[in-house]
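Participant: Submitted below is the structure of interest, expressed as structure tokens.
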Amino acid sequence: MIQQAQTLKASEAEAENRVAIPAEPEGSRVLCPSILEQNPNPIVEIGPAGDIRYMNPAASRLFPDLRQRGLAHPWLASSAAAARQNAEGESRTATLEVEIEGRVYQQTLCYAAEEGVLRIFGLDVTERQRAEDALRQTRDELQAIYDAMVDGLLIADAETKRFVRANPAIGAMLGYSEEQILSLSVMDIHPREKLPEVLLAFENQVLARARMAEAVPVLRSDGTVFDADISTSLLTYRGRLAVLGIFRDITERRRAEAALRASEERFRGYFAQGLLGMAVTGMDKQWREVNDRLCEILGYSREELLSMKWTEATHPDDVAAGVRQFDRLVAGEIDHFTQDKRFVRKDGGIVHATVFIRCFRRPDGAVDHFLALIEDATERKRVEAALRQSRDELQAIYDHIVDGILVVDRQKVQPVRVNSAYCRMLGYSLEEAYALTPQRVHPPDVLPQVWEHFETLNAGQVARLVDLPFIRKDGTIIFADVVSRPIWYNDRPCWICIFHDVTERKRAQEALAREHRALKRLLQSSDHERQLIAYEIHDGLAQQLAGALMQFETYAYQKDRLPRLAADAFDAGMTMLRQAHFEARRLISGVRPPILDEAGIVAAVAHLVNEERRKGGPTIELHGRVEFERLSPILENAIYRIVQEALNNACQHSKSDRVTVELVQEGETIRIEVRDQGIGFEPDAIGESHFGLAGIRERARLLGGTATVDSSPGQGTRVRIMLPLLFPAKEAPQTPHEEA
């Protein structure tokens, strides 16, 4: 990091020492020929007629075709145009940059108005720009490292010990902002009682006697203290000797070390307490350490066991199996194993034990040691009694569980055991159930799934089927989830299958699927409406705003050059803005007019009807007869969208010269009706892709109402919706209100 900082300072100095080409002195009209000829940079003089009056050797060398191409040459095109635009009859000097074939040239343009002569002084600044780009990149990289560091960074003046720079990480460590840290010194971030040691360490770092200070106490803003390792380096910062310190909070490391020590102590405690026989062995199978419990199990003293190998205490018939597993541990094929084996006690008795052995390796992968946990199996008979009890409990579950259970012979694919729940599910007696085959209890179209289910079981895996149909004895269909797995039953391979009746769930899922389809249609309708709005924004509002922006840019560019043209551009831009404002209000009104929230559904529908009337379509009559002032926002919005869609369909597609809209309250319901005398259509021929009518039906259904469409070719159309009234919270129906 320090090296990057030094590189950054060198790059800054190099960039700052660059000297730009001075402009032509005031009143200068004569160019010294020798200077022009010897100048390594291109110099060109252009006459009033656009002809090249002079080119120095550098210009001829760099641009051989310059005189031939004249002002059409890339090196002259931009400078000549800039000179004409900026001169306006006066002598002026301007500077611009031109890039040609990967090289960047800075041009100083001197235009003498009285002579009509343009002198162009070129300077190759490619390397300077590259150096500046490299400098910016170095700065960005250094800043990114500085901001992203996990460790804290502080730079302190070597003499005053005040901080001159800090990164965000040190602010988080200390609990200060960067501005607060820059007002502090070394003495402010360490406990007072530790300052002599800290200041001595700081002086040693300034004198380059030390580069690292470990476990230094650091004081936070809230008064708490944490330890940090601080690595330091000397550097020159803004012309003064400074110390750069990297702070690493070692609090978590200390906690980890303490936790490791506690873990080791716990292990020692477990080892000594003797809940299990425990031993540590090496590659040579020699016991290195044993606990008292293992001595008790085998009847040997600790000294006797430590002089033995575990193979010597193992029953001769079990040694080979133990050595095979041990060799697999050494080879790295496994990292642990469990084995039931027998040991021979010192007194000759046989001990049945369950042994768990794990291999521990060094960081380089070599075996370090083996840990063995040995459990005495004396309690085996008690466990066997518990097993008998478990079998009885399992039998009770088997007989009374709600799910059906079936055990099937794998080779014959015939039931060998069924429970009563399975018989009830299918309506067969126990004797009939044993004769059932897959072909009798499943429809033909699902049999391939059943055979695939059996193949999975034959591969030794657990198999599942969801919503599998079954044919009951009475011919009705039920559905069940099936989970099966291979087992051994009466010394032969079988499958056990558990059937969970999901017929009711299936019906609920089908109802939910219908709801999902309805929701999908609503979402498609909503997406369709959004798409239409997007088209209108793109073709209208966006185009008007873009045009206004272009006019205002023209105004900004021309206001000091051609004021009249700029004024025209400004007026055009304002006109486009007004049009855009009108278009935005029209779009907002089409989606959800403000009047719906301000005045309620009756006024909003009246506004909608008036907007349709303004389009010059059919004559529209509105009849309203309601006794409420406002309804719930959800219901008002649904009514508005229903009327909007139905009215739009009638005006655009019916070819009718008259449309009638009615809002009528009938008790606790509201009737919405849109009628026309147009060409009509066949309602059954309208598919789900016609979002308008589908959206009307789904909105009505979701609000607990109904929607009917009565139409036939040549007889007009009537869309009628009945919805239950929903009032806003704490609001009752108001005085009668009529709108026509």
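The values are calculated or read from the model by the stated rules, or taken from the named source; none is laboratory data. Just so it is clear, the structure is predicted and the values come from calculations on it, not from any experiment. Using ideal geometry, Cβ is built from the backbone for each residue, glycine included, and neighbour counts are taken over all protein chains shown.
Conditions (1) at pLDDT below 90; (2) within 18 Å of residue 231 (Cα to Cα); (3) in the same structural domain as residue 104 (by TED's automatic domain parsing); (4) assigned to a helix (DSSP H, G or I), marked per residue:
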| site | (1), (2), (3), (4) |
| --- | --- |
| 137 | yes, no, no, yes |
| 140 | yes, no, no, yes |
| 153 | no, yes, no, no |
| 156 | no, yes, no, no |
| 164 | no, yes, no, no |
| 170 | no, yes, no, yes |
| 183 | no, no, no, no |
| 196 | no, no, no, yes |
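Participant: Show the residue pairs meeting these rules: Cβ distance below 8 Å; 6+ apart or different chains; first residue within segment 298-324 and over 16 Å from residue 281 (Cβ atoms); second residue surrounded by fewer than 14 Cβ atoms within 10 Å (Cβ to Cβ).
Facilitator: 299/345; 299/346; 299/347; 299/349; 315/350
Participant: Here is a follow-up. So the check is Cβ under 9 Å with 6+ separation or different chains; which pairs have a first residue in segment 31-49 that's within 12 Å of residue 122 (Cα to Cα) and among the charged types (D, E, K, R) and a second one that's surrounded by 11 or more Cβ atoms within 10 Å (Cβ to Cβ) and at pLDDT below 85?
Facilitator: Going by the 9 Å Cβ cut-off, the qualifying pairs are 45/31.
Participant: Give me the residue from segment 463-479 that is touching a Pro at 6+ places or on another chain (Cβ under 8 Å) and of a type in the set (Val, Ile, Thr) and, out of that set, surrounded by the fewest Cβ atoms within 10 Å (Cβ to Cβ).
Facilitator: Filtering first and then ranking leaves 477.
Participant: Identify all residues within segment 198-242 that are of a type in the set (A, V, I, L, M), surrounded by 14 or more Cβ atoms within 10 Å (Cβ to Cβ) and farther than 15 Å from residue 170 by Cα; write none if there are none.
Facilitator: The answer is 198, 199, 201, 206, 210, 213, 234, 235, 242.
Participant: Given the structure, is residue 421 in contact with a helix residue (DSSP H, G or I) (Cβ under 7 Å, 6 or more places away or on another chain), hydrophobic (A, V, I, L, M, F, W, C), part of a helix (DSSP H, G or I) and buried (at least 18 other Cβ atoms within 10 Å of the Cβ)?
Facilitator: Taking the combined requirement at face value, the residue does not satisfy it.
Participant: Going through segment 341-356 one residue at a time, which ones are within 14 Å of residue 305 (Cβ to Cβ) and either outside any strand (DSSP E or B) or of a type in the set (A, V, I, L, M) (or both)?
Facilitator: 344, 345, 346, 351
Participant: Shifting gears a bit: Which of the residues spanning segment 592-650 are closer than 19 Å to residue 700 by Cβ and among the polar types (S, T, N, Q)?
Facilitator: Of everything in segment 592-650, those that are closer than 19 Å to residue 700 by Cβ and among the polar types (S, T, N, Q) turn out to be 632, 637, 644, 648, 649.
Participant: Can you tell which of 200, 244 is over 37 Å from the mean Cα position of the chain (by Cα), in the same structural domain as residue 169 (by TED's automatic domain parsing) and without any contact (Cβ under 8 Å) to a residue 24 or more places away in the chain?
Facilitator: 200
Participant: Of everything in segment 641-674, what is of a type in the set (S, T, N, Q) and over 15 Å from residue 615 (Cβ atoms)? Give them in sequence order.
Facilitator: Across segment 641-674, the qualifying residues are 660, 665, 669.
Participant: Next question. Return the residues of segment 547-562 that are under 12 Å from residue 573 (Cβ atoms) and out of contact with any helix residue (DSSP H, G or I) (no Cβ under 7 Å at 6 or more places or on another chain); say none if nothing qualifies.
Facilitator: 549, 550, 553, 556
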